[in-house]
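What follows is calculated from the coordinates using simple rules that are stated; it is not laboratory data. What you see is a predicted model; the values in this text were computed from it and never measured. Note that we place each Cβ from the backbone using ideal geometry, even for glycine, and neighbour counts take in every protein chain shown.
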């Protein structure tokens, strides 16, 4: 399909949806070069960028805690982001043990460093589309640090797994998540054993990660009562499938020094480990398919992942979420069906491709929906912060912004439920959440919250207020900023403010623009 011609307004919308907003000049470059060229470039970029790595290497974050007699000495220092480069085994060493106490700030350090790295990447990475997909998959396969220290210290490993397959193959990503210590601990599969399987992971695997709630036939007494597709396969699942899937994943655990009997213990690496002695090897039936007994290590779990990754319901459920994420919905909350159909077709046609997800994303963005002003969604707090920093060339904000982000509705890596951070506007447009958002954006524009000083304020200082407001609104909204700038400048002058704003006043005007309703939506 030929890429549609791009106007500057459409270019701004594309960058607000498939990226974290436009940096100065980016919308103009996209309009000139076209969406196809931009997409080719984005999908060719590597997972790691040297420029981003250099920024992360230069960051120092404070860590302070008092001494605890006989347990640990006091610490007060500015420390680089050392955890980001550590292996899972090294990170797991910060998990407290009775014989090895660890100060709470050291346990939480992995989450803090990853949160700061996330802010840096969203604001500065060239691979904006990958960053969009990384955030999507973190929500889709959600784990929350509030679940405990085992999850907290494993978050960096979890991010690496998601980042590596964010535009790769869904089946490969599914297994990367299934074997991730963070997920194993979060949904308790690390303790799932033959005779006492834990259903938590299996249920979320079917309900949230693959088939989706629409494919659940809870009233059916068995899978035999579930409707069949043209190939004779069940179109959905029942509770018995969850139970059988849970049996398939028994023995998928984490090596954390557990006892295996007299004189035998697992190593304490914090890495995934299949423990055959804990696995239920007997025959199982999942989605109408028989799994042969004694099929070999991890064979039953992998067979379940194969079934789920290839199921038509998975294609539609995952693709609908991707379309909602990248394009948005109409006023009635519906995703555009043509984009969804293209995505599902690509998902199924390229199921074995190593770049399956990239092909799906390309299919989603191939039509006119990505620039349609009748579609969209409310920006979440992280999105709003990243878009503001990109538009105004601000440095990425530091740890002080994490509290306001959470208060505005988005605790980074801290959403407590396995359904992931919501997209629905009602979670972010309540009075308290909006007030926190506006305060946060005003502070960001005033170069507070650790963001540093914006050269833009110096460049615009002394110009007429109307011209300043017009430049500020155009940077974040493109041609659609005209109405916003007129309103902002009018209110500014009517309240007796400086007709030629000084640098601090330019920053305040920028904050006013960022609180406009038009900026809160993509």
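Computed extension length for residue 43-residue 99: 15.4 nm, one decimal, from 0.36 nm per residue of separation with the Cα-Cα distance subtracted.
Going by average Cβ neighbours within 10 Å, how do the peptides 397-408, 299-310, 219-230 rank, with the highest at the top? Write down the numbers at each step before the final one.
Values: 397-408: 19.7, 299-310: 21.2, 219-230: 12.0.
Order by mean packing, descending: 299-310, 397-408, 219-230.
Compute log10 of I(q)/I(0) for the range 87-184 with the Debye formula, placing one identical point scatterer on every Cα and leaving out solvent, at q = 0.20, 0.21, 0.25 Å⁻¹, to two decimals. Log10 of I(q)/I(0), two decimals: -1.00, -1.08, -1.36. Look at the alpha carbon pairs under 8 Å that are at least 6 residues apart: their mean separation over the length of the range 87-184 gives a relative contact order of 31 percent.
Please state, rounded to one decimal and in Å, the Kirkwood hydrodynamic radius that the range 381-520 gives when every pair of distinct Cα atoms enters the mean of 1/r. List each step's numbers first, then the result.
Working: mean 1/r = 0.0649 Å⁻¹.
So the Kirkwood estimate lands at 15.4 Å.
Equivalent ellipsoid of the range 307-386: semi-axes from √(5λ) of the C-alpha gyration tensor, largest first, are 23, 14, 12 Å. If you bin the C-alpha pair distances of the range 191-238 every 5 Å from 0, what whole percents do you get? The distribution over the range 191-238 is 5, 21, 20, 22, 18, 10, 3, 1, given as percents.
What is the Rg over Rh value, at two decimals, for the range 145-221, using alpha-carbon atoms and the Kirkwood definition of Rh?
Numbers: Rg = 13.9 Å, Rh = 13.7 Å.
Ratio value, two decimals: 1.02.
Over all pairs of distinct alpha carbons, what does the Kirkwood formula give as the hydrodynamic radius of the range 371-457, in Å? Write out the running numbers ahead of the final one.
Numbers: mean 1/r = 0.0729 Å⁻¹.
Kirkwood radius, the range 371-457: 13.7 Å.
Convex hull volume of the C-alpha atoms in the range 192-302, normalised per residue: 110 Å³.
Once you divide the Cα radius of gyration of the chain by 2.2 N^0.38 Å, the number left is 1.04. To the nearest 10 degrees, how steep is helix 155-165 against the longest Cα principal axis of the chain, on a 0 to 90 scale? Compared with the principal axis, the helix lies near 90 degrees. The ellipsoid equivalent to the alpha-carbon distribution of the range 63-116 has semi-axes of 19, 15, 8 angstrom, derived from the gyration tensor eigenvalues as √(5λ) and listed largest first.
Round to the nearest 0.05 the FRET efficiency obtained for residue 235 and residue 28 when R0 = 51 Å and r is the Cβ-Cβ distance.
Working: r = 47 Å, r/R0 = 0.93.
So the FRET efficiency works out to roughly 0.60.
Between helix 482-494 and the chain there is an angle of about 60 degrees, using the helix long axis and the longest principal axis of the Cα atoms. Extension gain for residue 224 to residue 285 (0.36 nm times residue separation, less C-alpha to C-alpha distance): 20.8 nm.
Legend: calculated FRET efficiency, residue 419 to residue 75, from the Cβ-Cβ distance at R0 = 45 Å, rounded to 0.05, equals 0.75.
So, R0 is 25 Å and r is the distance between the beta-carbons of residue 213 and residue 334; what FRET efficiency does that work out to, to 0.05? The calculated FRET efficiency here is 0.90.
Divide by every residue of the chain the summed helix terms, -39500 (n - 2.57) for each DSSP H run of at least 4, and state the resulting mean residue ellipticity at 222 nm, rounded to the nearest 500 deg cm²/dmol. Walk me through the numbers before you get to the answer.
Details: 24 runs with 247 residues, N = 522.
Calculated from helices alone, the mean residue ellipticity at 222 nm is -14000 deg cm²/dmol.
Against the chain, whose longest principal axis is taken from its Cα atoms, helix 239-248 shows a tilt of about 80°. The distance separating the Cα centre of the range 162-223 from that of the range 90-141 comes to 21 Å.
Legend: Rg and Dmax of the range 284-438, from Cα coordinates, 19.7, 61 Å. For the chain, averaging the sequence separation of C-alpha pairs within contact (under 8 Å, six or more residues apart) and dividing by the residue count gives a relative contact order of 16 percent.
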